[in-house]
Amino acid sequence: LNRILERRSIRRFANRPVSQKTFKTILRAGQRAPTSCGTQSYSFIEVRSMTKRIAITELVGETQALQSAPIWLFVCCDAARPMKIFETLKIDCHLGEVTRLVHSLIDTSLAAENIVIASESLGLASVFTIYHWKVLGEIAGLLHLPANVLPLLLLCIGYPAEKPPLRPRWRTEIVFHVDRYRLPAKGTILRQYNKSNTSLVRMGYFSKGVETLAQHWQRKFSTKDMILRERKLRRELKRLGFLPETL
Ligand SMILES: Cc1cc2nc3c(=O)[nH]c(=O)nc-3n(C[C@H](O)[C@H](O)[C@H](O)COP(=O)(O)O)c2cc1C
């Protein structure tokens with residue numbers, strides 16, 4: 001429990017390899033996560049090849065996490081293997097695109113978090129990254145992904161070389177409801193926001209001209225290219241077979 005309560009994203013890793021035994025244990029822990037109908041709709045792809053690492057870095061841009069992490073693990077939504085298994089077993093399967101997407105998103109996220117917790121419990125650390133979402137098509141090409149495989153997260157794993165402070169979360173009362181949902185009142189939102197923002201400012205969390213959490217979100221979510229990004233994502237998801245053409 002302490003490992004979970006003390007977990008933080010790590011973006012600077014020690015120059016220390018992770019043994020194959022440890023890595024396999026972590027992958028097995030990933031596989032122990034619950035999975036919809038037992039379909040195990042995920043695949044893990046480790047990028048070992050330096051050529052591919054360089055190509056990915058060129059595509060997504062250099063980041064500290066990618067630079068120093070000994071393990072690069074794409075945690076992928078995988079509906080291709082379940083469908084091939086159903087076909088092999090002659091199962092009359094009519095899983096729709098969106099159902100496949102939802103099932104595999106859940107399975108993959110649960111497996112990914114199990115990998116994170118297992119890593120923590122073995123003294124390792126990690127960070128999820130999604131820089132590659134800008135270049136999904138190119139990543140799919142590099143990793144030879146067929147239709148119905150979506151590289152959801154690129155998980156960087158290694159021994160930590162930093163210990164940033166724990167990042168704030170909303171008070172549990174705000175995210176926990178009994179019997180019925182309630183949106184927090186504006187006053188509560190502002191109080192909570194100010195608390196989080198103050199602690200992030202104190203931690204020196206912001207950079208590149210950003211001074212507050214609101215500015216951070218503003219920059220991330222309302223940039224002009226957001227519409228283009230949404231369009232591109234829809235196109236990619238359709239191409240990969242995770243959204244119906246008609247949507
Ligand atoms: C889906 C997802 C995508 C993320 N993408 C990135 C990323 O691209 N780069 C990064 O540095 N951190 C990334 N993170 C880590 C978050 O920034 C981090 O979890 C959050 O700031 C809270 O910090 P903590 O994990 O230390 O508590 C991602 C986390 C999630 C769950």
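In this structure, does W72 turn out to be in contact (Cβ under 8 Å) with a residue 40 or more places away in the chain, in a strand (DSSP E or B) and within 18 Å of the chain's Cα centre (by Cα)? Here the answer is yes, as W72 does meet what is asked. All of (1) closer than 27 Å to I56 by Cα; (2) more than 16 Å from the ligand (Cβ to nearest atom) hold for T88 with one exception: (1).
Identify the residue in the range 203-215 that is surrounded by fewer than 11 Cβ atoms within 10 Å (Cβ to Cβ) and of a type outside the set (S, T, N, Q) and, among all such residues, is farthest from L190 (Cα to Cα). Per the criteria, the residue is K208. Scanning the range 58-72 for residues that are in contact with a Ser or Thr (Cβ under 9 Å, 6 or more places away or on another chain) and either farther than 21 Å from V18 by Cα or aliphatic (A, V, I, L, M) (or both) yields V60, A65, L66, A69, I71. For A69, the requirement of being within 14 Å of the ligand (Cβ to nearest atom), under 22 Å from G123 (Cα atoms) and not charged (D, E, K, R) is met.
In this entry, S104 is excluded by the filter for residues that are within 14 Å of the ligand (Cβ to nearest atom) and either at pLDDT 95 or above or not in a helix (DSSP H, G or I) (or both). Pairing residues of the range 170-199 that are within 20 Å of V210 (Cβ to Cβ) with residues that are assigned to a helix (DSSP H, G or I), at Cβ distances under 6 Å and at least 6 apart in sequence or on separate chains, gives N197/L213. Has the range 220-239 got any residue that is part of a helix (DSSP H, G or I) and closer than 17 Å to W170 by Cα? For the range 220-239, residues part of a helix (DSSP H, G or I) and closer than 17 Å to W170 by Cα: absent.
Yes or no, residue by residue, for (1) modelled with pLDDT under 95; (2) part of a loop (DSSP other than H, G, I, E, B); (3) surrounded by 12 or more Cβ atoms within 10 Å (Cβ to Cβ):
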{"position": "I157", "(1), (2), (3)": "no, no, yes"}
{"position": "E162", "(1), (2), (3)": "no, yes, yes"}
{"position": "K195", "(1), (2), (3)": "no, no, yes"}
{"position": "L200", "(1), (2), (3)": "no, no, yes"}
{"position": "W217", "(1), (2), (3)": "yes, no, no"}
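Looking at the structure I just gave you, is V60 touching a His at 6+ places or on another chain (Cβ under 8 Å) and within 12 Å of the ligand (Cβ to nearest atom)? When the stated conditions are applied, V60 passes them.
Considered as a group, the residues in the range 24-55 that are in a loop (DSSP other than H, G, I, E, B) and of a type outside the set (V, I, T) include one that is surrounded by the most Cβ atoms within 10 Å (Cβ to Cβ), and that residue is S41.
Of the residues examined, R169 is one that is within 21 Å of E6 (Cα to Cα) and within 16 Å of the ligand (Cβ to nearest atom). If I filter the range 13-23 for residues that are within 16 Å of the ligand (Cβ to nearest atom), assigned to a strand (DSSP E or B) and hydrophobic (A, V, I, L, M, F, W, C), do I get at least one hit? Yes: the range 13-23 contains one or more residues that are within 16 Å of the ligand (Cβ to nearest atom), assigned to a strand (DSSP E or B) and hydrophobic (A, V, I, L, M, F, W, C). Taking the range 219-247 as the range and being of a type in the set (D, E, K, R), closer than 30 Å to V149 by Cβ and either surrounded by 12 or more Cβ atoms within 10 Å (Cβ to Cβ) or touching a strand residue (DSSP E or B) at 6+ places or on another chain (Cβ under 8 Å) (or both) as the test, the residues that pass are R229, K232, R234, R235, E236, K238, R239. Filtering the range 117-135 to residues that are near the ligand (Cβ under 9 Å from one of its atoms), closer than 15 Å to G158 by Cα and either assigned to a helix (DSSP H, G or I) or among the hydrophobic types (A, V, I, L, M, F, W, C) (or both) leaves V127, F128.
The values are calculated or read from the model by the stated rules, or taken from the named source; none is laboratory data. Here the structure is a predicted model, which means the values were calculated and not measured. Quick reminder, even Gly has a Cβ in these numbers, built from the backbone with ideal geometry, and neighbours come from all protein chains shown.
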